[in-house]
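Encoded as structure tokens, the structure appears first; notes follow it.
The values are calculated or read from the model by the stated rules, or taken from the named source; none is laboratory data. Everything numeric here is computed off the predicted structure, so don't read it as measured data. Please note: Cβ atoms are built from the backbone with ideal geometry, for glycine as well, and neighbour counts cover all protein chains shown.
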Amino acid sequence: MNLTLKIWRQKDAQSKGKIVDYPISGVEGDMSFLEMLDVLNEELIGKGEEPVVFDHDCREGICGACSLQINGEPHGPDRLVTTCQLHMRKFNDGDTIYIEPFRAKAFPVIKDLMIDRSSFDRIQQAGGFISVNTSGNTIDANAIPIRKEDADEAMDAATCIGCGACVAACKNASAMLFTSAKVSQFSLLPQGQVEATERVMAMVNQMDEEGFGNCTNTGACEIECPKGISLENIARMNREYLKASLKG
Amino acid sequence: MSILDSKIPEGPLADKWTKHKNTINLVNPANKRNIDVIVVGTGLAGGSAAATLAELGYNVKTFCYQDSPRRAHSIAAQGGINASKNYQGDGDSDYRLFYDTVKGGDYRSREANVYRLAEVSGNIIDQCVAQGVPFAREYGGLLDNRSFGGVLVSRTFYAKGQTGQQLLLGAYSAMNRQINRGKIEAFNRHEMLDLVKIDGKARGIIARNLVTGEIERHSAHAVVLATGGYGNVFFLSTNAMGSNVMAAWRAHRRGAFFANPCYTQIHPTCIPVSGDHQSKLTLMSESLRNDGRIWVPKRIEDAEAIRAGKLKPTQLSEEERDYYLERRYPAFGNLVPRDVASRAAKERCDAGFGVNKTGEAVYLDFAAAIQRYGQEKALTSGIHNPSKEEITKLGEEVIEAKYGNLFQMYEKIVDENPYKTPMMIYPAVHYTMGGLWVDYNLQTTVPGCYAAGEANFSDHGANRLGASALMQGLADGYFVLPYTIGDYLSHDIRTGKIPTDTPEFDQAEKDVKERIEKLMSGSGQNSVDYYHKKLGKIMWNKCGMSRNEKELKEAIDEIAALREDFWKNVKVPGAADSMNPELEKAGRVADFLELGELFAKDALDRNESCGGHFREESVEQSGEQKGEALRDDENFKYVAAWEYKGEPKDAVLHKEDLVFENIELKTRSYK
Amino acid sequence: MGGLIKSSIARKVAMALSGLFLVFFLLQHFSINFTSVFSPDIFNEISHFMGTNPIVQFALQPVLIFAVIFHFVMGFVLELQNNKARAVKYAKYNGGANASWVSRNMIYSGLVVLAFLGLHFYDFWVPEIVYKYVEVNPEIPTRYYEELVHKFESPIRTGLYVLSFVFLALHLWHGFASSFQSVGFNNKYAAGATKFAKAFAIVIPVGFVVIAIVHHFNH
């Protein structure tokens, strides 16, 4: 199929960017979206132009590196997939496709479609951990039984890949789904209870400092999340936060 | 006498590690504050090592090419992590895990290392649970286990199909805690381009800031390389796009021996290549083979008709199908080890029985399992005289509950419904057992340079068992390296900060800059991917699942010629002093072009079949095992450690003889 | 109040709580007004009570005014902050793919409701305050019903009221249910609560529309 790509090109963080049109032909339905961009880049290199820069790594939907706002939606029109697993058969011959970086003040553009998501790391550094040293003599793994339902729910929250689609989809560029996924995972496990108060305060604080917007419960994040992280996590974090505020 | 000293402690196998820990030197907490350690790579091994070293009090600097440690490719491991907890009470023990690992590795690993791995495996699970890793649990609230290929007990802990992700996020959170405390300084989007040696010791690295293109000097008292495997030398593999051998190869060029480069694991259940545009391969968990039956058409005409799209697999009757694994290996059937299953698939496809348009795919069929489970389910839910449709529906529900996410992934990629038509699979490069040679302390032949995880060669021999990679990465990082490195660093308590304005750093930086300049000044004929794909083709065709002398020799020459052409004609657009992914790729492919040749040389040298390494010259000539891999313990019971001497073809072989005192060497049989 | 709006979650909870208070107010306002449809006497009686009871007038009324002002000022603050969180906008943004129009445009439905409040204050509250506290007229307990009916004489005003109630419905459709999520109420009862909130969002505004139209045609 033949497509017209409208791709955001930006030299570096300081420069102003713009949308540039690239026609591309010979796209096959079996190609992933990123493989389609590989083909475009090979063409650009052949022509002596600079290839389009974008983040990607594992290309199997788990590392969370790939991003891209495709036709106005993070990871494109398909559901529960990342861009690397989005296949071109979801598009039609003659389509025009807008390809833009995930946009948020807290995700500055590095180059073209590549963004800096270190704000996510800093949120995790603020409290996304359980303070236990590696000693080799922690208690036996089976010493504290955990309800299967809680363990499963914690696992569901923990599947977040940190791609930032929630922020990109949210009209307010809010990072609540991301932050709440980690808070939820630990609040559902007994191991996480000890530091629960400090954790939620520190992580929410950091989230605010990074310049993410406020959550207005539109639910866009949940729909666009490639791992299907539930909005319930946000409610849980709100609860945890209120509890923590009252405590301390 | 070999110049390789593996430093295996004396004494009975089970006491070696404890005794060793009791006798090695320690660094007191006040002195640790004055010692810097660089950790390159932040996957399971690097992330856990960095966190633990920082907890102990060292000043740690971590480096990764990804934008965050959380994206290291350990994240993609699906199945699980082994540990000899014996929670199921099925007779598991450290010894059994040790035995299975050595046997699974086809007797090409070091006994003492593997025993230590088994010994600390239980601690890993305790540690991870304490960190909040949400392992699967039973209704009683205790941890669940599943069983994995090649073993007789249930010892695999898992977190859905995302065990690697959860363990990595555990290590990442431990790192984050130390970053928060200021004990780890994380350099993300940085790539190590060289190892700096001062007075023969590893004292730092040269790294490129991938965002600004700046070349940076970083010094430390020791350098840990935890940079994963080199499967991407095949271009197509299940590795991440960025996975590369650069750090290990740079260390190799600075004097670290490279061990067993030819040991590669080719995983049988991957989604087949769909066309030339393909950039990477996707693995589906080995667990599928528990219920799927593998087959190709019996008649070559049927295979041709299927390839041409004129015939559907479901139209072939049972008699027209060749369940070749069940035919060849009646005892293990579809559950033979990875290497055996992969080679058998290749054999059928090479003979012309492949079933997709490229001719490189076999079927993995769930129809029988769906019927079997459907009948069982109908029986247990009290449905009498169920119709065929009812049985199929019930059976599909059972399969969905077991493998739903894998089936969904398959459907997204291939656009076929695997409940209704058999899946297509083909083997793909997955893991490399070879790596930097290390002694018992995980130190390479360069003093002060350590290697952990997939980057070293130590524990899996010639073939790795399922769910053992995660175990080894975390064992190295959490429980082994942080202690053994102390023995070395105890001599550095008075050294003080290592300056970076020394002639050694000057020289290393100059070398790196010249290399980059050379890459940028190619004549501009072909893109980096052009060379990478060519290299991959050579590797796959001549150093892949089955190898012979003639083709290995050809591969050596072809790779050398390709490398020469690469340096002359590669085209790298953009500038060196800014974000430039093509330049990054070029540097990595340049190293693959050297490693690939050493790989072929090692494969040529090892004229035996063992584990993932299959030499057509070394097969059983007669008897029940006729045509199966033949190991040659008399001549090849050693680790091949290669010393860099300029061109890969000039590399010098050093042998570390493997001593088996606790295990009797046997032939693997799956008939 | 500084502490109340320090963090994003606190702001969101404050928004939800003030909203819930207004929802409650809306319910009682509706209940009283609805009596006017079937019994002018009951309406007059309750209105007289509300208009003269010192607790209502000097305790509840200021709280209500504070809640209204707080809710919309905070709404503006949030909108401004949220705008800043994405400095460069998308060239193509397909918001409809993942969130309802209502949820994405609370600021607009809110602004219409705010404009309506202006009209409503001008119509009822200001004359009432002038009547009672500026001109200090004697209280006539039966005046309320007639004042009410009188206001709906004009078809334009009635039309504006109806239009405003439509926007109020839109605002409530997202706002009421979403306030549960904001205060962390998300358990097995949440689905039921959401249904109730959605029903409320339709029934109450429709009820107000009915009142307006009945009085318009009753005239």
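Values as computed for the structure displayed
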{"read-out": "Long-range neighbours under 6 Å by Cβ, at least six apart or interchain, first residue in contact (Cβ under 8 Å) with a residue 12 or more places away in the chain within the range B:292-312, second hydroxyl-bearing (Ser, Thr, Tyr) and surrounded by fewer than 22 Cβ atoms within 10 Å (Cβ to Cβ)", "value": "B:293/B:323; B:295/B:323"}
{"read-out": "Residue within the range C:105-128 that is in contact with a His (Cβ under 6 Å, 6 or more places away or on another chain), aliphatic (A, V, I, L, M) and under 17 Å from residue C:209 (Cα atoms) present", "value": "yes"}
{"read-out": "Residue in the range B:187-195 that is touching a residue at least 12 places away in the same chain (Cβ under 8 Å) and facing chain A (nearest Cβ under 10 Å) present", "value": "yes"}
{"read-out": "Meets criteria (at pLDDT 95 or above, touching a Phe, Trp or Tyr at 6+ places or on another chain (Cβ under 6 Å) and surrounded by fewer than 22 Cβ atoms within 10 Å (Cβ to Cβ)) for residue B:533", "value": "yes"}
{"read-out": "Pairs with Cβ under 8 Å, 6+ apart, first in the range C:67-85 and within 25 Å of residue A:104 (Cβ to Cβ), second outside any helix (DSSP H, G or I) and of a type in the set (Lys, Arg)", "value": "C:82/A:171; C:84/A:105; C:85/A:105"}
{"read-out": "Hits in the range B:1-42 - residues which are aliphatic (A, V, I, L, M) and more than 28 Å from the chain's Cα centre (by Cα)", "value": "B:1, B:24, B:26, B:27, B:30, B:35"}
{"read-out": "Counted residues, the range A:122-136 - those being on the phi < 0 side of the Ramachandran plot, at the interface with another protein chain (Cβ under 7 Å from one of its Cβ atoms) and in a loop (DSSP other than H, G, I, E, B)", "value": "7"}
{"read-out": "Flag if residue B:553 is of a type outside the set (A, V, I, L, M, F, W, C), part of a helix (DSSP H, G or I) and more than 14 Å from chain A (Cβ to nearest Cβ)", "value": "yes"}
{"read-out": "Test: residue in the range C:166-178 that is surrounded by 20 or more Cβ atoms within 10 Å (Cβ to Cβ) and modelled with pLDDT under 95", "value": "no"}
{"read-out": "Filter pass, residue B:439 being modelled with pLDDT of 95 or more, surrounded by fewer than 24 Cβ atoms within 10 Å (Cβ to Cβ), outside any helix (DSSP H, G or I) and not hydroxyl-bearing (Ser, Thr, Tyr)", "value": "yes"}
{"read-out": "Test result for residue A:87, within 9 Å of chain B (Cβ to nearest Cβ) and of a type outside the set (A, V, I, L, M)", "value": "yes"}
{"read-out": "Test: residue in the range B:64-73 that is surrounded by fewer than 24 Cβ atoms within 10 Å (Cβ to Cβ) and over 20 Å from residue B:16 (Cβ atoms)", "value": "yes"}
{"read-out": "Single condition residue B:167 does not satisfy, out of (1) of a type outside the set (D, E, K, R); (2) facing chain A (nearest Cβ under 7 Å); (3) touching a strand residue (DSSP E or B) at 6+ places or on another chain (Cβ under 9 Å); (4) farther than 18 Å from residue B:93 by Cβ", "value": "(2)"}
{"read-out": "Qualifying positions in the range B:384-412 - within 13 Å of chain A (Cβ to nearest Cβ) and among the aromatic types (Phe, Trp, Tyr)", "value": "B:410"}
{"read-out": "The range C:179-195, residues that are surrounded by 15 or more Cβ atoms within 10 Å (Cβ to Cβ) and over 16 Å from the mean Cα position of the chain (by Cα)", "value": "C:180, C:181, C:182, C:183, C:184, C:185, C:186, C:190, C:193, C:194"}
{"read-out": "Unique residue being more than 8 Å from chain B (Cβ to nearest Cβ), touching a residue at least 24 places away in the same chain (Cβ under 8 Å) and part of a helix (DSSP H, G or I) when the list is A:156, A:93", "value": "A:156"}
{"read-out": "Conditions (1) at pLDDT below 95; (2) more than 9 Å from chain A (Cβ to nearest Cβ); number of the one not met by residue B:109", "value": "(1)"}
{"read-out": "Residues that are assigned to a helix (DSSP H, G or I), in contact with a helix residue (DSSP H, G or I) (Cβ under 9 Å, 6 or more places away or on another chain) and within 14 Å of chain A (Cβ to nearest Cβ), drawn from the range B:118-132", "value": "B:119, B:120, B:121, B:122, B:123, B:124, B:127, B:128, B:129, B:130"}
{"read-out": "Checking residue B:475 against (1) in contact (Cβ under 8 Å) with a residue 60 or more places away in the chain; (2) over 19 Å from residue B:230 (Cβ atoms); (3) in a loop (DSSP other than H, G, I, E, B), the condition it does not meet", "value": "(3)"}
{"read-out": "Condition check for residue B:14: closer than 30 Å to residue B:146 by Cα and more than 11 Å from chain A (Cβ to nearest Cβ)", "value": "yes"}
{"read-out": "Wholly within the range C:41-136, helices (runs of 4 or more DSSP H) carrying at least 1 residues that are under 23 Å from the mean Cα position of the chain (by Cα), buried (at least 17 other Cβ atoms within 10 Å of the Cβ) and at pLDDT 95 or above", "value": "C:61-84, C:101-104, C:106-120"}
{"read-out": "Residue count for the range A:160-208, restricted to those that are acidic (Asp, Glu) and at the interface with chain C (Cβ under 10 Å from one of its Cβ atoms)", "value": "1"}
{"read-out": "Residue within the range A:69-84 that is more than 11 Å from chain C (Cβ to nearest Cβ), among the aliphatic types (A, V, I, L, M), within 20 Å of residue B:282 (Cα to Cα) and surrounded by 20 or more Cβ atoms within 10 Å (Cβ to Cβ) present", "value": "yes"}
{"read-out": "Tally of residues being assigned to a helix (DSSP H, G or I) and under 14 Å from residue A:241 (Cα atoms) across the range A:178-199", "value": "13"}
{"read-out": "Residues satisfying the stated conditions in the range A:6-60, i.e. in a loop (DSSP other than H, G, I, E, B), closer than 30 Å to residue B:406 by Cβ and in contact (Cβ under 8 Å) with a residue 12 or more places away in the chain", "value": "A:27, A:28, A:29, A:30, A:31, A:54, A:55, A:56, A:58, A:59, A:60"}
{"read-out": "Only listed residue being under 22 Å from residue A:59 (Cβ atoms), of a type outside the set (A, V, I, L, M) and modelled with pLDDT under 95, chosen from B:385, B:405", "value": "B:405"}
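Listed here are the residues, each with its yes/no results for (1) among the aliphatic types (A, V, I, L, M); (2) at pLDDT 95 or above; (3) assigned to a loop (DSSP other than H, G, I, E, B); (4) more than 20 Å from residue A:117 (Cα to Cα).
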{"residue": "A:201", "(1), (2), (3), (4)": "yes, yes, no, yes"}
{"residue": "A:214", "(1), (2), (3), (4)": "no, yes, yes, no"}
{"residue": "A:226", "(1), (2), (3), (4)": "no, yes, yes, no"}
{"residue": "A:238", "(1), (2), (3), (4)": "no, yes, no, yes"}
{"residue": "A:242", "(1), (2), (3), (4)": "yes, no, no, yes"}
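Conditions tested, residue by residue: (1) within 14 Å of chain C (Cβ to nearest Cβ); (2) at pLDDT 95 or above.
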{"position": "A:46", "(1), (2)": "no, no"}
{"position": "A:54", "(1), (2)": "no, yes"}
{"position": "A:103", "(1), (2)": "yes, yes"}
{"position": "A:111", "(1), (2)": "no, yes"}
{"position": "A:120", "(1), (2)": "no, yes"}
